[in-house]
Amino acid sequence: MIKHWKTIGLVVFVSIIFSLFYVQMSREVETYPTFTLETTEGNVEVVHPITLYGDFHTGEHTHLFSYNLQETMYVQQMPSLERLNGFYKYAEMERLEQLYPAYMRGKVDDVSMYTESDLYVVQADMDWGTYKNDEPVNMAFNLSVLHKELQKEARMTIEIPKRDQSSFISLEKMYAVGEDLHIVTSHSHDSDHGLTVFDLRVYTIQLDRGKIGSTDVIYTWEQEDFTEDIRVAPIENHDSILADQRMLLLKAIVEEDTDIENDLQISKNQTEKVSYELIAYDFRTKSLDTFKLPSQVKDGAEFISYEDNSDVFLIQENQEKLEVIEWQLGSDEQPGPLMVPTNNPVHSYTTSYQGEYLYIYVNSKAPNKNIGEIHVLYVPTGEWVYAGNLMSNRPLKDEEEVIIHSIE
Amino acid sequence: MRKGSRLIFFEFNRASRMYFTLLTVMFFTQILGFFVMSKGYMGQVEHYIRTYGLDIPAIQEAIGIFSPEQIIQSPWVMAPLSLCIVYMIAYTFFIWYRDWYGANVFIYRLFMLPVSRTYVFISKAVTILLMVIGIIAFQLFVLYIGKWIIAGNIPIDFRGSLSMLDIVMGFNYLTIFFPFTTVQFFTLFGGMFIFITIVFTAILLERSFHLKGIIYGLMYIIGSIVLLISPSITEIILQRSFVYPAEMFWIQVGLFLISAYISIRVSTYLLEKKVHV
């Protein structure tokens, strides 16, 4: 044995170093903050179904974690094999995987690419085709359609009509309604005057035939100086009957030489004068209605929910506070905003609308162990039914920061 | 088993002189780097204090805080580590060719040993793997010492995180060589072992068929790589995936095991029937 000391020594050395390394790795994760929720008002059962996902910034690196109100789990603590399926568990993806495991096998983990009607589940994305003489050709929609009753999957490639294959097409939203799939696209191309022309179109695809039934250009505008911006309202409530009936488009008109925020969820400087119009497109009648939004709505306001023929809910920041605006679509009434009862200045926030509850998590600019606040609104009555503080087990250092960015 | 381990001891002993020399060079260069760079940073700090009378936040603003990443990505650490990597790649070939082209035709003596030639093959592969794991472990060891050097030289106000996780992540793309979990450990080094057996098989094809063998060897490597990444190729060609990520992992594990089995069987056949001395 002694004459083989070099090899044996190396093996022992490797074992010691890696053991030390792994022990230290697990200990290091234990030095990261863990969280508890301190209820200040209401019944804690309201928040039991949710999981918070966030980032712990150490100053140099970022560590992902989840907190399900029972335990904090950093990505490093997640079993390696489980981690293969991704760290984030999107409730909607989990639901689809449980209901349709064979259909969901091999599918992308992007909630926005799925839509479901009472008959079908559809996954859709764009096939950008190829370029010929600098012109795009063969652009198509790739659909994977599951017939829910027959449990049969069909794959379809539906070519976008040649006349519509303009310089740039982006898939904005899709809604499956009965046997139809409505795909909303944004097109941009250069006009004869050298300006960029945008239009929003709705392709209605008959899923049983795999063909485009109709194409409607629902809105066209020239973007001269970027003072006008149109977005499809980011409504994420999958069970909303909105998808069956009406789609909302947000039109922001901003004064010249001011920038438009790309993401409605990001809001900081609210001083620019912006007026909003809400365009509602009705899938049934293919008609457009334009509504003037209440004047309290500011740049950066985010749509939370809208059910057909019911109120629109928006959330926005106002002088380091958050407010929810409930507005009956088309009403001239100027509703008073509902202040989110935060105790600390708002750093950023995230929302989730589940069932009849609106969950609002606010990352606070609070010192010490207070990381943020959760407030829950019971939408039918407009009552705040829960408030709680997310507490860290230790004060954060100067360079450390915890940001919760999604609620599932 | 015992015969196999003896062969591993033997192979490692043959490589040890150069190997330990490299580790020594790596140790001293990197440790020197930790000293030079941390002292250099503190020299800057003192300069700012003496010359401009700045306080801690002002200095942090002026020159930033010292991050271990700065050392890790400097030539002090990267150069010796790269040298080790290049050495290991070269030694993967050298471990065989030396036996043919060395002072004595040593392969003849190896083949005359009363052990299966498969042991010869596997012992060489295990030796290479052991040396690679040794380098990575040694790098971790140096980082532990480097961490103490930084902590000793630079006050806490002026330095970034000294957690091992953050330090190792400073290697950027080379971080893949540092398995953070035991599953990653077995995946990484298992995969490495299989890759070594593929390269060894290609070498033995060359030793068996000479010029033609080079082509066979290259074809074998390409074929093995295609086999190993065939699930990904299929996904790219058909532009869709067919399995859940965890299922894909087990398919990959299966393909790696098949590849290892084929390599060992082919190599054993070549060693027993085809290789010329």
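If the condition is being under 18 Å from A:Asn393 (Cβ atoms) and in a strand (DSSP E or B), then the range A:52-63 contributes A:Leu52, A:Gly54, A:Asp55, A:Phe56, A:His57, A:His63. Number of residues in the range A:86-99 that are among the aliphatic types (A, V, I, L, M) and within 13 Å of another protein chain (Cβ to nearest Cβ): the value is 2. Residues in the range A:127-181 that are assigned to a strand (DSSP E or B), touching a residue at least 24 places away in the same chain (Cβ under 8 Å), over 24 Å from A:Ile218 (Cα atoms) and within 27 Å of the chain's Cα centre (by Cα): A:Ser144, A:Val145, A:Leu146, A:His147, A:Glu153, A:Met156.
If you go through the range A:27-66 and keep only what is in contact with a helix residue (DSSP H, G or I) (Cβ under 8 Å, 6 or more places away or on another chain) and farther than 19 Å from A:Ile407 by Cα, you end up with A:Glu28, A:Val29, A:Thr58, A:Glu60, A:His61.
Which members of the range B:1-13 meet the condition of being more than 10 Å from chain A (Cβ to nearest Cβ), in contact with a helix residue (DSSP H, G or I) (Cβ under 8 Å, 6 or more places away or on another chain) and not basic (Lys, Arg)? Within the range B:1-13, B:Gly4, B:Leu7 qualify.
Just to be sure before I move on: is B:Leu140 more than 10 Å from chain A (Cβ to nearest Cβ) and either touching a residue at least 12 places away in the same chain (Cβ under 8 Å) or buried (at least 18 other Cβ atoms within 10 Å of the Cβ) (or both) in the structure I sent? Break it down stepwise before answering.
On the way: more than 10 Å from chain A (Cβ to nearest Cβ): no; either touching a residue at least 12 places away in the same chain (Cβ under 8 Å) or buried (at least 18 other Cβ atoms within 10 Å of the Cβ) (or both): yes.
Spelling it out, it is not the case that B:Leu140 is more than 10 Å from chain A (Cβ to nearest Cβ) and either touching a residue at least 12 places away in the same chain (Cβ under 8 Å) or buried (at least 18 other Cβ atoms within 10 Å of the Cβ) (or both).
So, in the range B:153-170, how many residues would count as being within 7 Å of another protein chain (Cβ to nearest Cβ) and assigned to a loop (DSSP other than H, G, I, E, B)? Give the derivation first.
First, the residues of the range B:153-170 that are within 7 Å of another protein chain (Cβ to nearest Cβ): B:160-161, B:163-166, B:169.
Now narrow it down to the ones that are assigned to a loop (DSSP other than H, G, I, E, B): B:160-161, B:163.
Selection size over the range B:153-170: 3.
The residue of the range A:1-38 that is surrounded by the fewest Cβ atoms within 10 Å (Cβ to Cβ), among those that are more than 10 Å from chain B (Cβ to nearest Cβ) and of a type in the set (Asp, Glu), is A:Glu30.
Could you check the range B:253-277 and list, in sequence order, the residues that are of a type in the set (A, V, I, L, M) and over 16 Å from B:Ile203 (Cα atoms)? Outline the logic, then answer.
Our first condition is that a residue be of a type in the set (A, V, I, L, M); within the range B:253-277, this holds for B:253, B:255, B:257-258, B:260, B:262, B:264, B:266, B:270-271, B:275, B:277.
B:Val253, B:Leu255, B:Leu257, B:Ile258, listed by residue number.
Within the range B:171-185, track down each residue that is within 10 Å of chain A (Cβ to nearest Cβ) and either aromatic (Phe, Trp, Tyr) or more than 19 Å from A:Tyr74 (Cβ to Cβ) (or both). Explain how you work it out, then say what you get.
Step one: filter the range B:171-185 for residues within 10 Å of chain A (Cβ to nearest Cβ), giving B:178-185.
Those that are within 10 Å of chain A (Cβ to nearest Cβ) and either aromatic (Phe, Trp, Tyr) or more than 19 Å from A:Tyr74 (Cβ to Cβ) (or both): B:Phe178, B:Phe180, B:Phe185.
Out of B:Thr197, B:Thr201, B:Thr187, B:Thr182, report the one residue that is of a type in the set (Ser, Thr, Tyr) and loosely packed, with under 14 Cβ neighbours inside 10 Å.
Values: B:Thr197 fails: loosely packed, with under 14 Cβ neighbours inside 10 Å; B:Thr201 fails: loosely packed, with under 14 Cβ neighbours inside 10 Å; B:Thr187 fails: loosely packed, with under 14 Cβ neighbours inside 10 Å.
Of B:Thr197, B:Thr201, B:Thr187, B:Thr182, the one residue that is of a type in the set (Ser, Thr, Tyr) and loosely packed, with under 14 Cβ neighbours inside 10 Å is B:Thr182.
Quick check on the range B:244-254. Is at least one of its residues assigned to a helix (DSSP H, G or I) and away from chain A (no Cβ under 14 Å)? Among the residues of the range B:244-254, at least one is assigned to a helix (DSSP H, G or I) and away from chain A (no Cβ under 14 Å), which makes the answer yes. If we scan the range A:65-85, do we find a residue that is closer than 30 Å to A:Leu150 by Cα, outside any strand (DSSP E or B) and within 12 Å of chain B (Cβ to nearest Cβ)? Looking for residues that are closer than 30 Å to A:Leu150 by Cα, outside any strand (DSSP E or B) and within 12 Å of chain B (Cβ to nearest Cβ), one finds at least one in the range A:65-85, hence yes.
Within the range B:168-179, restricting attention to residues that are under 17 Å from A:Tyr22 (Cβ atoms) and over 12 Å from the mean Cα position of the chain (by Cα), the residue that is surrounded by the most Cβ atoms within 10 Å (Cβ to Cβ) is B:Val168.
Scanning the range B:153-165 turns up no residue that is in contact (Cβ under 8 Å) with a residue 60 or more places away in the chain and closer than 25 Å to A:Val12 by Cβ.
Residues in the range A:74-90 that are among the charged types (D, E, K, R) and either touching a Pro at 6+ places or on another chain (Cβ under 8 Å) or farther than 23 Å from A:Thr58 by Cα (or both): 2 in all.
Quick one: which helices (runs of 4 or more DSSP H) lie wholly within the range B:16-112 and hold at least 1 residues that are more than 30 Å from A:Thr58 (Cα to Cα), of a type outside the set (Ser, Thr, Tyr) and out of contact with any Cys (no Cβ under 7 Å at 6 or more places or on another chain)? Break it down into steps so the answer makes sense when it comes.
Numbers: elements: B:56-63, B:68-72, B:75-101, B:106-112.
Filter on the range B:16-112 gives B:75-101, B:106-112.
Across the range A:100-108, not a single residue is classified as more than 14 Å from every other protein chain (Cβ to nearest Cβ) and either of a type in the set (Asp, Glu) or crowded, with 17+ Cβ neighbours inside 10 Å (or both). In the range A:1-17 there is at least one residue that is over 30 Å from A:Asn389 (Cα atoms) and either assigned to a loop (DSSP other than H, G, I, E, B) or touching an Asp or Glu at 6+ places or on another chain (Cβ under 7 Å) (or both).
A count restricted to the range B:115-127 and to residues that are of a type in the set (Val, Ile, Thr) and within 13 Å of chain A (Cβ to nearest Cβ) stands at 2. Among the conditions (1) farther than 25 Å from B:Ala137 by Cα; (2) outside the structural domain of A:Asn368 (by TED's automatic domain parsing), A:Thr51 misses just one, which is (2).
All of B:Ser267, B:Ser208, B:Ser241 fail the test of being within 14 Å of chain A (Cβ to nearest Cβ) and more than 22 Å from the chain's Cα centre (by Cα), apart from B:Ser241.
For the range A:39-59, a residue qualifies if it is within 14 Å of chain B (Cβ to nearest Cβ) and surrounded by fewer than 17 Cβ atoms within 10 Å (Cβ to Cβ), and the qualifying residues are A:His57, A:Gly59. Scanning the range B:14-56 for residues that are of a type in the set (Val, Ile, Thr) and away from every other protein chain (no Cβ under 14 Å) turns up B:Val25, B:Thr29, B:Ile31, B:Val36, B:Val45, B:Ile49, B:Thr51.
The values are calculated or read from the model by the stated rules, or taken from the named source; none is laboratory data. Since the model is a prediction, treat every value here as computed from it, not as a measurement. Note: ideal-geometry Cβ built from the backbone for every residue, glycine included; neighbour counts use all protein chains shown.
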